[in-house]
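Visitor: Please find one structure pasted underneath; my questions will follow.
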Amino acid sequence: MEQKNFLLAMGLIIGFLLLWSVFIVPRFTPPPAPPTAAVPESGRQMAGTMAATASELKSAHAEMGESVELADTILHDENNEIVFSPKGGSIKTWRLNSKGQEVDLVLNPEGDPLPLSSFPDALYKITLGDRKAVMVAVLENGIRVTKTLTLSPSGYLHQISFRFQNPTSRSIELSKWEWGWGPGLGTAVTEQKENKGLIRAITLGKLKVHVIKEADHPEFGRWAAIDNRYYLAAFIPRTEHAVELAVTGAKDQTRLRMIETTMVPPQGEITLAYDLYVGPKGFTQLKKYGKGLEESVDFGIFSALGRLILNALYYLKAVTGNYGVAIILLTVGLQVLMSPLTIKSFKATLAMKKLQPKIAEIQARFKGDPKRLNIEMMNVYKSTGTNPFGGCLPMLLQLPIFWALFTTLRNAYELRGAPFVGWIHDLSTPDVLFHAAGFPVHALPLVMGGAMFFQQKMSGAASDPTQKQMMTMMPIMFTFMFYGFPSGLVLYWLTNNLMTMAFQWSFQRFSQDPSRVIETTIVK
């Protein structure tokens, strides 16, 4: 039996099954723990404050009084449409115009509290200006809160600030008041089904992004955020002050909580300011801000390789104007770089084929003595300089590239909605040629399976019945596994197969004369 081909087949099956289990099968997420007693309530947010005098409170409330309306207020520009609720100065809708598609990042508009809510029992008077919403409320202890959200004239990096004014003659401590984002984070309608398992609360530490769980009490790094595959809501402090991070809920109920304590001096004021990013997770776009937000893009365990791939695709797309063409050119380039290993694999395959009669003879002679059989086979490999695993090396080296490209195509916003040709409208999702009986028909995986079948035919039929059956099943198995993969990834693997077939055809043409093979191969 041709052991090299059998081991190659098994290695590929195991590798891709691992890939399937890690990226396709939803990961187990522990059920949400019940809220802890440490969760502050609106009635406790004023705990420890110095009560104001009756006359001071009366004066402060008179200033706001009947002017607070319960109607929602809408602020919009070319990129955003935001619906504010006066209760807590919260956000009921944050709709982005994202690549020609409207996406509402408020996942649960009936949630309590809603995103950006602060002092949720307070009613805010909301006034709109040029790209600005100013929200004012007077708390029960007399503190006047002015929350201002200013939209960026270009991009998605906005500003939000809290101004606390104390009209009383005593210091007032606002103990453990909180705000943040949640529950969950919205996404496009087509991605809502899998969105539940993709929502994370994260913070950027000194070295890497840390995913925050309910039991964690992490330090506030350069920023804290809640994200999903393609979108991000991040908070970046502009003023130095202590902030405690906490997370409640899980999956689509995840809530990022920023807990603060503020001491406002008598007849004085305090201002806390943040940069607020609410928008898509485009790596190249986020990197331009210089805030480290690009670290939120998950490139998997081969992150460095994934970033190189994305940068290469970004450059090739700028040259060609099409990400599909960029993927093809990148694949061709990788195959050329790996051609020495590919040719070495072909040489190892040819050498193993030539040894098959000798190996079959040894197997027949020592079939009752496994130990002696292995010794004799190793002697044959050693004496001929043949490596039975030599044909597997190029495939094994391609697995990190495959893995990195998979995560890049799935998680890089730049490739979301990127068309190729014809029916392939989005390289980050499976292609759909047409629907049959209500089910989508993905054409690229079928073409890829056909290419694998012809590639095996070029390699020659296996003599061993078990190996022959295995090699027959490989194209079917790969077609099944790739059927739900992003079309960009299938395009990469199809191009890779076609390039391998071209190398294989050229090699077999020269291999009729072994001396010419040696003279023309790159690897001696």
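Visitor: For a quick check of your reading of the model, give me the residue pairs whose first member lies in segment 487-498 and is touching a residue at least 12 places away in the same chain (Cβ under 8 Å), whose second is of a type in the set (S, T, N, Q) and part of a helix (DSSP H, G or I), with beta-carbon atoms closer than 7 Å and at least 6 apart or on different chains.
Guide: Matching pairs, first to second residue: Tyr492/Thr331; Thr495/Thr331; Asn496/Thr331; Asn496/Gln335; Asn497/Gln455.
Visitor: Out of the residues in segment 320-345 that are open to solvent by 20 Å² or more (accessible area, probe 1.4 Å) and polar (S, T, N, Q), which is nearest to Ser428 (Cα to Cα)?
Guide: If we take residues in segment 320-345 being open to solvent by 20 Å² or more (accessible area, probe 1.4 Å) and polar (S, T, N, Q), then Asn322 is nearest to Ser428 (Cα to Cα).
Visitor: Just wondering, is there one or more residues in segment 154-163 that are over 30 Å from Thr284 (Cα atoms) and at pLDDT 95 or above?
Guide: Yes, segment 154-163 contains a residue that is over 30 Å from Thr284 (Cα atoms) and at pLDDT 95 or above.
Visitor: Taking Leu128 and the conditions (1) free of Cβ contacts under 8 Å to residues at least 12 places away in the same chain; (2) farther than 29 Å from Thr284 by Cβ, which numbered condition does it fall short on, given that it satisfies the others?
Guide: Among (1) free of Cβ contacts under 8 Å to residues at least 12 places away in the same chain; (2) farther than 29 Å from Thr284 by Cβ, the lone unmet condition for Leu128 is (1).
Visitor: Here is a follow-up. Any residue at all in segment 116-136 that's farther than 24 Å from Ile259 by Cβ and touching a helix residue (DSSP H, G or I) at 6+ places or on another chain (Cβ under 7 Å)?
Guide: For segment 116-136, residues farther than 24 Å from Ile259 by Cβ and touching a helix residue (DSSP H, G or I) at 6+ places or on another chain (Cβ under 7 Å): present.
Visitor: Need the failing condition index for Asp121 against (1) touching a residue at least 40 places away in the same chain (Cβ under 8 Å); (2) over 19 Å from Phe84 (Cβ atoms); (3) acidic (Asp, Glu), just the number.
Guide: (2)
Visitor: Further question on the same structure: Take the conditions touching a Leu at 6+ places or on another chain (Cβ under 8 Å) and part of a strand (DSSP E or B) and apply them to Leu316. Does it pass?
Guide: No.
Visitor: Let me ask something else. Going by what's in this entry, would Pro120 be described as in a loop (DSSP other than H, G, I, E, B) and buried (at least 21 other Cβ atoms within 10 Å of the Cβ)?
Guide: no
Visitor: Right, something else. Of the residues that sit in segment 367-386 and are open to solvent by 90 Å² or more (accessible area, probe 1.4 Å) and closer than 22 Å to Ser345 by Cβ, which one is farthest from the chain's Cα centre (by Cα)?
Guide: Here the residue is Ser383.
Visitor: Specify which of the listed residues (Phe485, Phe478) is within 30 Å of Thr408 (Cα to Cα), open to solvent by less than 10 Å² (accessible area, probe 1.4 Å), at pLDDT below 90 and touching a Gly at 6+ places or on another chain (Cβ under 8 Å).
Guide: Among Phe485, Phe478, only Phe478 is within 30 Å of Thr408 (Cα to Cα), open to solvent by less than 10 Å² (accessible area, probe 1.4 Å), at pLDDT below 90 and touching a Gly at 6+ places or on another chain (Cβ under 8 Å).
Visitor: Taking segment 240-296, which residues are open to solvent by less than 20 Å² (accessible area, probe 1.4 Å), farther than 17 Å from Leu204 by Cβ and polar (S, T, N, Q)?
Guide: Within segment 240-296, Thr254, Thr262 qualify.
Visitor: Let me ask something else about it. So Ala364 passes all but one of these: (1) at pLDDT below 85; (2) over 30 Å from Lys344 (Cα atoms); (3) open to solvent by 50 Å² or more (accessible area, probe 1.4 Å). Which condition number does it fail?
Guide: Going through (1) at pLDDT below 85; (2) over 30 Å from Lys344 (Cα atoms); (3) open to solvent by 50 Å² or more (accessible area, probe 1.4 Å) one by one, Ala364 breaks only (2).
Visitor: Sticking with this one: Test of understanding: among Phe453, Phe434, Phe439, which residue is at pLDDT 85 or above, open to solvent by 80 Å² or more (accessible area, probe 1.4 Å), of a type outside the set (Ser, Thr, Tyr) and out of contact with any helix residue (DSSP H, G or I) (no Cβ under 9 Å at 6 or more places or on another chain)?
Guide: Numbers: Phe453 fails: out of contact with any helix residue (DSSP H, G or I) (no Cβ under 9 Å at 6 or more places or on another chain); Phe434 fails: out of contact with any helix residue (DSSP H, G or I) (no Cβ under 9 Å at 6 or more places or on another chain).
The conditions single out Phe439.
Visitor: Continuing with the same structure: Name the residues in segment 79-95 that are polar (S, T, N, Q), under 11 Å from Met135 (Cβ atoms) and in contact with a Lys or Arg (Cβ under 9 Å, 6 or more places away or on another chain), would you? Quick ask: steps written out before the conclusion?
Guide: Pass one, segment 79-95, residues polar (S, T, N, Q): 79-80, 85, 90, 93.
Still in the running and under 11 Å from Met135 (Cβ atoms): 85, 90.
Across segment 79-95, the qualifying residue is only Ser85.
Visitor: Output the number of the condition that Phe299 fails; it satisfies all remaining conditions of (1) under 19 Å from Ser152 (Cβ atoms); (2) in contact with a Gly (Cβ under 9 Å, 6 or more places away or on another chain); (3) outside any helix (DSSP H, G or I).
Guide: The failed condition is (1).
Visitor: Also, quick follow-up: Taking the conditions exactly as written (under 30 Å from Phe406 (Cα atoms), open to solvent by less than 60 Å² (accessible area, probe 1.4 Å), among the small types (Gly, Ala, Ser) and in a loop (DSSP other than H, G, I, E, B)), does Gly306 satisfy them or not? Spell out the reasoning first.
Guide: Numbers: under 30 Å from Phe406 (Cα atoms): yes; open to solvent by less than 60 Å² (accessible area, probe 1.4 Å): yes; among the small types (Gly, Ala, Ser): yes; in a loop (DSSP other than H, G, I, E, B): no.
So Gly306 fails the test.
Visitor: Arg200 - would you say it is under 26 Å from Leu415 (Cβ atoms) and of a type in the set (Lys, Arg)? Write out each step before concluding.
Guide: Values: under 26 Å from Leu415 (Cβ atoms): yes; of a type in the set (Lys, Arg): yes.
For Arg200, the condition - under 26 Å from Leu415 (Cβ atoms) and of a type in the set (Lys, Arg) - is met.
Visitor: Let me ask something additional. Only one of these conditions is not met by Leu256: (1) modelled with pLDDT of 95 or more; (2) on the phi > 0 side of the Ramachandran plot. Which number is it?
Guide: (2)
Visitor: Also: What is the residue count in segment 222-253 for residues that are over 21 Å from Asn411 (Cβ atoms) and either modelled with pLDDT of 95 or more or not basic (Lys, Arg) (or both)? Walk me through it before giving the result.
Guide: First, pick out the residues of segment 222-253 that are over 21 Å from Asn411 (Cβ atoms): 235-249, 253.
Now drop any that are not either modelled with pLDDT of 95 or more or not basic (Lys, Arg) (or both), which leaves 235-237, 239-249, 253.
Qualifying residue count, segment 222-253: 15.
So that you can scan it fast, the table gives a plain yes or no per residue for (1) among the aromatic types (Phe, Trp, Tyr); (2) loosely packed, with under 15 Cβ neighbours inside 10 Å:
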{"position": "Asn195", "(1), (2)": "no, no"}
{"position": "Ala201", "(1), (2)": "no, no"}
{"position": "Leu204", "(1), (2)": "no, no"}
{"position": "His210", "(1), (2)": "no, no"}
{"position": "His217", "(1), (2)": "no, yes"}
{"position": "Phe220", "(1), (2)": "yes, no"}
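Visitor: Can you find, within segment 490-509, the residue that is modelled with the highest pLDDT among those that are buried (at least 16 other Cβ atoms within 10 Å of the Cβ) and more than 30 Å from Ser428 (Cβ to Cβ)?
Guide: Taking segment 490-509 as the starting set, the residues that turn out to be buried (at least 16 other Cβ atoms within 10 Å of the Cβ) are 490-501, 503-504, 507.
Those still in the list that are more than 30 Å from Ser428 (Cβ to Cβ) too: 504, 507.
On the way: Gln504: 78, Phe507: 73.
Ranking the candidates gives Gln504 first.
The values are calculated or read from the model by the stated rules, or taken from the named source; none is laboratory data. Keep in mind that this is a model prediction, so the values were computed, not measured. Ideal geometry is used to build each Cβ from the backbone, glycine not excepted, and the neighbour counts take in all protein chains shown. Heads up: the accessible areas ignore ligands, DNA and RNA and are worked out on the full protein's heavy atoms, side chains in. Shrake-Rupley method; radii C 1.70, N 1.55, O 1.52, S 1.80 Å.
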